[in-house]
Structures are given as structure tokens and as C-alpha cells.
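J.: If you scroll down you'll find the structure; I have some questions about it.
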Amino acid sequence: MSKKMNQNGEKMPNAHLHELMVDELKDIYNAERQLLAGLKKLVSTAEGEELKNAFKEHLQETEGQIDKLKQVFQLLDLPARGKKCKAMEGLLNEADEIMSEFEGSEALDAALVAAAQKVEHYEIATYGSLATYAKLMQHDDVAAIFAEILEQEKNADEKLTQVAMSKANKK
């Protein structure tokens with residue numbers, strides 16, 4: 001598919017967004033791959049069973065999201081390659097610091113929820129932008145995939161809030 005054509009083979013509206021969308025796609029693809037390792041650490045560090053389960057569930061979703069991003073690359077006729085996501089790297093480094101600083105503390109799970117929600121908010125912002133770009137360029141299949149992942153990220157964030165309010169913030 002030409003970069004100036006949408007999925008229907010028509011001249012792509014808002015083609016100026018194409019390179020931006022591809023750049024963000026590569027970034028979030030790498031971010032999700034980094035997050036797999038981060039979520040494994042969160043699962044092993046969390047103390048509460050409900051929080052462990054929330055992290056395990058999101059780990060499985062993240063694996064599925066990586067597969068969906070590979071589909072997006074295919075739909076756009078691009079190789080599935082990421083570029084180093086410095087934002088995710090920073091968020092995961094911060095989560096590592098929190099794990100060290102609050103190890104053995106009653107506030108550990110609350111701190112882990114906060115760290116995880118920072119990641120979710122980054123992902124929500126990214127997928128929201130990607131879905132908008134794809135929609136504006138009439139890449140309907142791509143927009144649908146981004147919208148689906150966006151909903152999963154919003155649900156993960158909401159679940160973390162519920163865990164925080166019911167368990168992690170109240171000891």
C-alpha cells in the first residue's frame with residue numbers, strides 16, 4: 001500500500017499524519033515489549049492476591065496487544081520493528097525504584113498501583129492519539145485495532161483503581 005493511499009486504495013486524507021503514526025506505532029510496539037518484563041516483576045513483587053491477579057491479567061493482555069500491533073504493521077505493509085521507547089524505559093526504571101524503596105512496607109502495593117497507573121496513562125495517551133490518526137487517514141481496520149487496545153488500557157487502569165480503593169490503599 002502506498003503511503004499516500006488508505007486501506008481502500010483511495011488517496012489518503014491527512015497523509016501528513018502517516019509518518020507520525022508510524023513513528024508512534026514503532027514506539028508503542030517497543031514499549032509493550034518492555035512492559036512484558038516489567039509486569040513479570042510487578043507480579044512477583046506485589047503482596048496482595050488481587051493486585052497480583054490484575055498484573056497477571058494485564059500481562060496476558062499485553063501479549064495479545066503485541067500480536068495486534070504486529071497486525072497493524074502488516075496492514076500498513078511495514079516490518080514489525082520498534083524503536084526504543086525512552087518513556088516506558090523511564091516509567092519502568094521508576095517502578096524498579098519504588099519496588100526497592102518500599103520493599104517490606106505496608107505501602108508497597110499502593111506504590112506499585114501508582115507506578116502501574118503511570119504506565120497505563122502513557123499507554124492510554126498513545127493509543128488515543130494513534131486511533132485518532134488512523135481514523136483521520138481512513139485506515140479503518142488499523143483505527144479499530146488501536147481503539148480496541150485503548151479500551152483494554154482504560155479497563156486495566158480502572159481495575160487498578162478498584163484494587164487501590166478496596167485493598168492496596170487500605171491496610
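The values are calculated or read from the model by the stated rules, or taken from the named source; none is laboratory data. Only a predicted model underlies this, so the values are computations on that prediction, with no experimental measurement involved. Glycine also receives a Cβ, built like all others from the backbone with ideal geometry; neighbour counts cover every protein chain displayed. Ligands, DNA and RNA are stripped out before the accessible areas are found, and what is left, the full protein with its side chains, is counted by its heavy atoms. Shrake-Rupley method; radii C 1.70, N 1.55, O 1.52, S 1.80 Å.
J.: Got a number for carbon plus sulfur as a percent of region 81-171's accessible area, 1.4 Å probe?
T.: Details: 2340 of 4650 Å².
Roughly 50 percent of what the probe reaches on region 81-171 is carbon or sulfur.
J.: What spacing in nm lies between the two simple spin-label points modelled at HIS121 and GLU49, each 7 Å away from Cα in the Cβ direction?
T.: Roughly 3.1 nm, to one decimal.
J.: I need the phi-derived Karplus couplings for region 25-32: 6.51 cos²θ - 1.76 cosθ + 1.60, θ = phi - 60°, integer Hz, Gly and Pro marked x.
T.: 4, 4, 5, 6, 4, 5, 4, 5
J.: Provide the per-residue ³J(HN,Hα) series for region 67-72, in order, calculated from phi with Karplus coefficients 6.51, -1.76, 1.60 and θ = phi - 60°, each as a whole number of Hz, with x at glycine and proline positions.
T.: Once θ is set to phi - 60°, the couplings for region 67-72 become 4, 5, 5, 4, 4, 4 Hz.
J.: Still on this structure, please answer the following. Would you kindly derive the ³J(HN,Hα) couplings of region 90-101 from the backbone phi angles with the Karplus curve 6.51 cos²θ - 1.76 cosθ + 1.60 (θ = phi - 60°), listing them in order in whole Hz, with x for Gly and Pro?
T.: x, 5, 6, 5, 5, 4, 4, 4, 4, 4, 6, 5
J.: Taking just the C-alpha trace of region 1-149, give me its Rg and Dmax in Å.
T.: In order Rg, Dmax, the Cα atoms of region 1-149 give 17.3, 59 Å.
J.: For a Förster distance of 25 Å, can you work out the FRET efficiency between the beta-carbons of ALA80 and GLU158, rounded to the nearest 0.05?
T.: On the way: r = 29 Å, r/R0 = 1.17.
Here the calculated transfer efficiency is 0.30.
J.: Bin all alpha-carbon pair distances of region 32-120 at 5 Å intervals from 0 and give each bin's fraction as a whole percent.
T.: Computed distribution, short to long bins: 3, 13, 23, 22, 16, 10, 7, 4, 2, 0.
J.: Averaged per residue, what accessible area in Å² does region 27-171 show with a 1.4 Å probe, protein chains only?
T.: 49
J.: If you line up the Cα atoms of region 96-168 on their principal axes, what length do they span on each, largest first, in Å?
T.: Principal axes ranked by extent give 51, 24, 12 Å for the Cα atoms.
J.: Kindly flag which residue pairs out of LYS52/LYS135; LYS11/LYS56; LYS86/LYS135; LYS52/LYS84; LYS11/LYS118; LYS26/LYS159 have an alpha-carbon separation exceeding 32 Å in this structure.
T.: Values: LYS52/LYS135 35 Å; LYS11/LYS56 43 Å; LYS86/LYS135 26 Å; LYS52/LYS84 27 Å; LYS11/LYS118 38 Å; LYS26/LYS159 27 Å.
Exceeds cut-off: LYS52/LYS135; LYS11/LYS56; LYS11/LYS118.
J.: Hey, another quick one. Would you mind getting me the FRET efficiency between ASP141 and ASP96? Use the beta-carbon distance for r and R0 = 41 Å, nearest 0.05. Don't jump to the answer; show the numbers that get you there.
T.: On the way: r = 37 Å, r/R0 = 0.90.
Taking R0 as 41 Å, the efficiency between ASP141 and ASP96 is 0.65.
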